[in-house]
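Asker: Below are the structure tokens for one structure; questions will follow.
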Amino acid sequence: MTDQVCVGAIAGSYGVRGEVRMKSFCAEAEAIADYSPLSDESGQRSFTVTLTRPIKNGFAARLGGISTKEEADALKGLQLYAPRDRLPATEDDEYYHADLIGLTVYDTGGTELGIVRSVMDHGAGDLLEIHGPALKTTVLLPFTKACVPTVDLASGRIVADPPEGLF
């Protein structure tokens, strides 16, 4: 498990006074400001975050040290991270996406299927993107109790019961 968790991303500038359009990946979207200051993946740049108003697909926000549209434009695509110890503890059968990425996926018979490359949410629930040496393309496995009955973070493995023909 990593000590940093991606909690949001900058979608570009908002207006001409240095505000940014921010997407929140938090369960309660506005909670992203509670984890401030946020940093880039390397931890070299850090920003205080003040949400100014909700906008379509996110928030307009002010970041500490960003005061011009050009500075805000330069941050487009930047992912923002918070230290894990500032985030709430997860419940049983609840996971941060960062904890699932990199886990090895096995079927119920013990055959290795691949490794979780990413976790996606397209609105209908999370999907695990699985890539493996025996796969020609990545496979999207629904992250439901029926398809993923076991997640063992301690041993770095997931046991999956995928729908027939998926793999």
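Asker: For region 66-123, with all protein chains present and a 1.4 Å probe, just round the carbon and sulfur fraction of the accessible area to a whole percent.
Answerer: 46 percent
Asker: With the other protein chains left in place, how much accessible area per residue, in square angstrom, belongs to region 19-117 at a 1.4 angstrom probe?
Answerer: Values: 5810 Å² over 99 residues.
Spelled out: the 1.4 Å probe surface of region 19-117, per residue, equals 59 Å².
Asker: State the extension gain, in nm to one decimal, for the chain segment bounded by A124 and L140, taking 0.36 nm per residue of separation less the distance between their alpha-carbons. The partial results should precede the final answer.
Answerer: Details: separation 16, 0.36 × 16 = 5.76 nm, distance 1.30 nm.
Result: 4.5 nm gained on full extension.
Asker: Using Cα springs under 10 Å in a Gaussian network model of the chain, which residue among A61, A134, A33 shows the largest mean-square fluctuation?
Answerer: A134
Asker: Could you work out the helix-only [θ] at 222 nm for the chain, with each DSSP H run of four or more residues adding -39,500 (n - 2.57) and the total divided by the number of residues, to the nearest 500 deg cm²/dmol?
Answerer: Computed mean residue ellipticity for the chain: -1000 deg cm²/dmol.
Asker: What does the charge count around F167 come to, taking other residues whose C-beta lies under 14 Å from its C-beta (Lys +1, Arg +1, Asp -1, Glu -1)?
Answerer: Around F167, the charge tally is -4.
Asker: Follow-up question, since we're still on this one. In terms of Cα to Cα distance under 14 Å, which aspartates and glutamates are near enough to K136, apart from those fewer than 8 places away along the same chain?
Answerer: none
Asker: Relative contact order for region 83-167 using alpha-carbon pairs under 8 Å, separation at least 6, rounded to a whole percent?
Answerer: 24 percent.
Asker: Where Lys and Arg each count +1 and Asp and Glu each count -1, what net charge lies around A61 among other residues with Cβ under 15 Å from its Cβ?
Answerer: That sum, taken over residues with Cβ under 15 Å, equals +3.
Asker: On a straight-distance basis, which lysines could pair with K56 in a cross-link, Cα separation under 21 angstrom, same-chain partners fewer than 8 positions away excluded?
Answerer: K23, K69, K76
Asker: Normalised by the number of residues in region 1-160, what is the relative contact order in percent for Cα pairs under 8 Å and 6+ residues apart? Numbers along the way, then the final one.
Answerer: Values: 322 pairs, mean separation 31.6, N = 160.
Relative contact order here is 20 percent.
Asker: Could you work out the local net charge near A29, counting Lys and Arg as +1, Asp and Glu as -1, over the other residues with Cβ closer than 14 Å to its Cβ? Show your work: numbers first, answer last.
Answerer: On the way: positive: R21, K23, R53, K56; negative: E28, E30, D34, D121.
Counting the neighbours of A29, the net charge comes to 0.
The values are calculated or read from the model by the stated rules, or taken from the named source; none is laboratory data. What you see is a predicted model, and the numbers here were worked out from it, not measured in a lab. A quick note on method: Cβ atoms are made from the backbone with ideal geometry, for glycine too, and the neighbour counts reach across all protein chains shown. Ligands, DNA and RNA are excluded from the accessible area calculation, which covers all protein heavy atoms including side chains. Shrake-Rupley method; radii C 1.70, N 1.55, O 1.52, S 1.80 Å.
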